[in-house]
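J.: First the structure, then my questions, so here it is.
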Amino acid sequence: MRILIVNWHRNVIGGVEAYLRILLPALLQRGHELALVHGYPSAAGPEAIDPPAERLPRWCYQELGTQDLLRRVEQWRPDLVYVHVWESNSLESALLNRYPSVFFAHGYQGMCETGRKCQSWPRPTPCTRRFGPMCLILHYPARCGGLHPLTMLRNYRFQSQQNVMLGLFAAVVAASRYICNEVERNGVDRERVHLVPLPVTAITPRTEPPAARLPEGRLLMMGRLIPLKGADYLIRAIPAAARKLNRPLRLVIAGTGAEETILRHLASRLGVEVEFAGWVSGDRREEVITQSDLLAVPSLWPEPFGLVGLEAACLGVPAVGYAVGGIPEWLIPGVSGELAPGNPPTVEGLSAAIVRALEDHEHYHRLSLGAWKTSQQFSLSSHLDKLESVFNAVAGHRSAALAHDQVSNL
């Protein structure tokens, strides 16, 4: 099958591109032909999502413009277009009108004006409202996003167009049932929505089950340091958990962001031992995970999936987090970690989850083993099988429709 991959960035800048960097060579290995459309020109330095040895046909939207790019795509003749994060409604609409297309809903594109799907006032609370004019009315009272009115209107206009196009894709795939439900809530027919869980992309999974070991109170958080990631909730949860466990807890935060200075002051004021390790990748990423007893995913917003939890799980490290978004689909209480209530999330709830995970050594080992076993359900092979099933159905439907048209014209 000839598949056109569409994503705004060619360089690896986040989770979407990390996924595509793994996916593209896997699709090539299964015999598919690939081409790539990306929005920004490629930057020197950061790794690209397309394998360098393959020299795939690729076209940059900002360099070619819509019409020239469409002519080149037409010459390549794709059987199917696989769309990810895109920031041009005009090109996306043109591709939708020309080719059978599948959209991967990595987040809330077309389903939320801010993309966060979370109200901040009076406390962070996941939003389950269908996208529409009421989002504008509630933007300020619920503190859904920034305060600049022109930015709000511009985002709403863009997401309104995305919402319309969401219903035009032949199929929409998502990594979690939670996102699938949101897609359906926003008007896409259920039969066109498909659950395709993500595979682990940045870590080499452990092939043997984890050995029993005594937890030493080493917690890890990995992610951007922004308010809705909940690092402040985690730091404030640690003192109570340490008192309950009657032993010290240490925290490593692997990530960067605007909140770092605030978090350093908070940790110092509460007497929490925190190491700010900065952004980690490659072997260092695996090292900080294996040196930890417990991964904390204290996100206050509804994470679409939370792949970092599976990265830790495949190395035998269980997790704690709030029951928001797609997190409960891999963080199973008493099996792969411990969950805290997420509506609303509280410091006390997270502290209790940490205690449940660490207070009993036998229970902790069961969680480690359960996390490792759970991660095995999210293999690249399984992901490809499900994805190809969707592709074949979409491309096959188009082929049948073309054949019908040809017969009708005889």
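Please treat every number below as a calculation from the coordinates, not as lab data. This structure is a prediction, so every number in the text was calculated from the model and none was measured. Quick reminder, even Gly has a Cβ in these numbers, built from the backbone with ideal geometry, and neighbours come from all protein chains shown.
J.: Specify the residue with the greatest mean-square fluctuation among ASN246, ASN89, ASN343, computed from a Gaussian network of the chain linking alpha-carbon atoms under 10 Å apart.
T.: ASN246
J.: Among bridges DSSP assigns within the chain, what percent are antiparallel (round to 5)?
T.: Bridges in the chain are about 10 percent antiparallel.
J.: Over segment 1-128, what is the relative contact order in whole percent, taking alpha-carbon pairs under 8 Å and six or more residues apart?
T.: Computed over segment 1-128, the figure is 26 percent.
J.: Using the Cβ atoms and a cut-off under 11 Å, what net charge is assigned to the surroundings of LEU266, where Lys and Arg are +1 and Asp and Glu are -1?
T.: Residues close to LEU266 contribute a combined charge of 0.
J.: Run the Debye formula on the Cα coordinates of segment 41-122, all scatterers equal and no solvent, and tell me log10 I(q)/I(0) at q = 0.14, 0.20 1/Å.
T.: Those come out to -0.64, -1.12, one per q.
J.: Further question on the same structure: Let me spell out the model: positive unit charges on the Cβ of Lys and Arg, negative unit charges on the Cβ of Asp and Glu, origin at the Cα centre of segment 218-375. What dipole size does that give, in debye rounded to 20?
T.: On the way: 15 positive and 17 negative charges, 60 e Å.
For segment 218-375, the charge dipole is close to 280 debye.
J.: Largest first and in whole Å, give the semi-axes of segment 218-375's equivalent ellipsoid, each being the square root of 5 times a Cα gyration tensor eigenvalue.
T.: 20, 17, 16
J.: Right, here's the next one. For helix 66-76, report the angle its Cα long axis makes with the longest principal axis of the Cα atoms of the chain; keep it between 0 and 90° and round to the nearest 10°.
T.: Long axis of 66-76 versus the principal axis of the chain: about 80 degrees.
J.: Given the options PRO227, LEU249, LEU153, identify the residue whose Cα lies farthest towards the positive end of the charge dipole of the chain (+1 on Cβ of Lys, Arg; -1 on Cβ of Asp, Glu).
T.: Of the listed residues, the answer is LEU153.
J.: Taking the chain as a Gaussian network, Cα atoms linked when under 10 Å apart, which of ALA174, ALA142, ALA296 shows the biggest mean-square fluctuation?
T.: Answer for the Gaussian network model of the chain: ALA142.
J.: Okay, next question. How big is the charge dipole of segment 24-82 about its Cα centre, in debye rounded to the nearest 20, if each Lys and Arg gets +1 on its Cβ and each Asp and Glu gets -1 on its Cβ?
T.: It works out to roughly 100 debye.
J.: Can you tell me the relative contact order of segment 149-243? Whole percent, Cα pairs under 8 Å, sequence separation 6 or more.
T.: Computed over segment 149-243, the figure is 19 percent.
J.: Give me the distance in nm between label points sitting 7 Å out from Cα along the Cα-to-Cβ direction at ARG269 and GLU47, one decimal.
T.: 4.0
J.: Under 30 Å between alpha carbons, and skipping anything fewer than 8 positions from LYS244 in its own chain: which lysines qualify?
T.: Straight-line reach from LYS244, under 30 Å: LYS229, LYS373.
J.: Let me ask something else. Per the Cauchy relation, a quarter of the hull surface: what is the mean projected area of the convex hull of the alpha carbons in segment 113-181, in nm²?
T.: Computing the convex hull of the Cα atoms and averaging its projections yields 5.0 nm².
J.: Mean separation of Cα pairs under 8 Å and 6+ residues apart, divided by the residue count of the chain: what relative contact order is that in percent? Please report the intermediate quantities before stating the final value.
T.: On the way: 759 pairs, mean separation 57.2, N = 410.
So the answer I get is 14 percent.
J.: What percent antiparallel are the DSSP beta bridges of segment 218-375, to the nearest 5?
T.: Numbers: 1 of 20 bridges.
For segment 218-375, the DSSP antiparallel bridge percentage is about 5.
J.: Ranked highest first by the average count of other Cβ atoms within 10 Å around their residues, in what order do 66-74, 95-103, 314-322, 204-212 fall?
T.: The densest-packed peptide leads the list: 314-322, 95-103, 66-74, 204-212.
J.: For the chain, what is the calculated [θ] at 222 nm in deg cm²/dmol (nearest 500), taking -39500 (n - 2.57) for each run of four or more DSSP H residues and dividing by its residue count?
T.: -13000 deg cm²/dmol
J.: Determine the sum of side-chain charges near PHE131: Lys and Arg each +1, Asp and Glu each -1, restricted to other residues whose C-beta is under 12 angstrom from that of PHE131.
T.: Cβ neighbours under 12 Å give a net charge of +2.
J.: Neighbour counts of other C-beta atoms within 10 Å: give me LEU331, LEU369 arranged from fewest to most.
T.: Least crowded to most crowded, the residues run LEU369, LEU331.
J.: Of the residues ILE226, ILE137, ILE235, which exhibits the maximal mean-square fluctuation in a Gaussian network model of the chain defined by a 10 Å Cα contact cut-off?
T.: ILE137
J.: Could you compute how fast the chain diffuses translationally, taking Rh as the Kirkwood radius over C-alpha pairs and applying Stokes-Einstein at 4 °C with viscosity 1.567 mPa s? Give it in µm² per second. Provide the component values of the computation, followed by the final result.
T.: Numbers: Rh = 22.6 Å.
Once the numbers are plugged in, D ends up at 57 µm²/s.
J.: Fewest first, what order do CYS60, CYS127 take by the number of other Cβ atoms within 10 Å?
T.: CYS60, CYS127
J.: Please report, for the Cα atoms of segment 142-278, the Rg to one decimal and the Dmax as a whole number; what are they, in angstrom?
T.: Rg, Dmax (Cα atoms, Å): 21.0, 57.
J.: Please give the peptides 38-48, 344-354, 385-395 ranked by average Cβ packing (other Cβ atoms within 10 Å per residue), highest first, as a rough proxy for protection.
T.: Per-residue mean Cβ counts within 10 Å order the peptides as 344-354, 385-395, 38-48.
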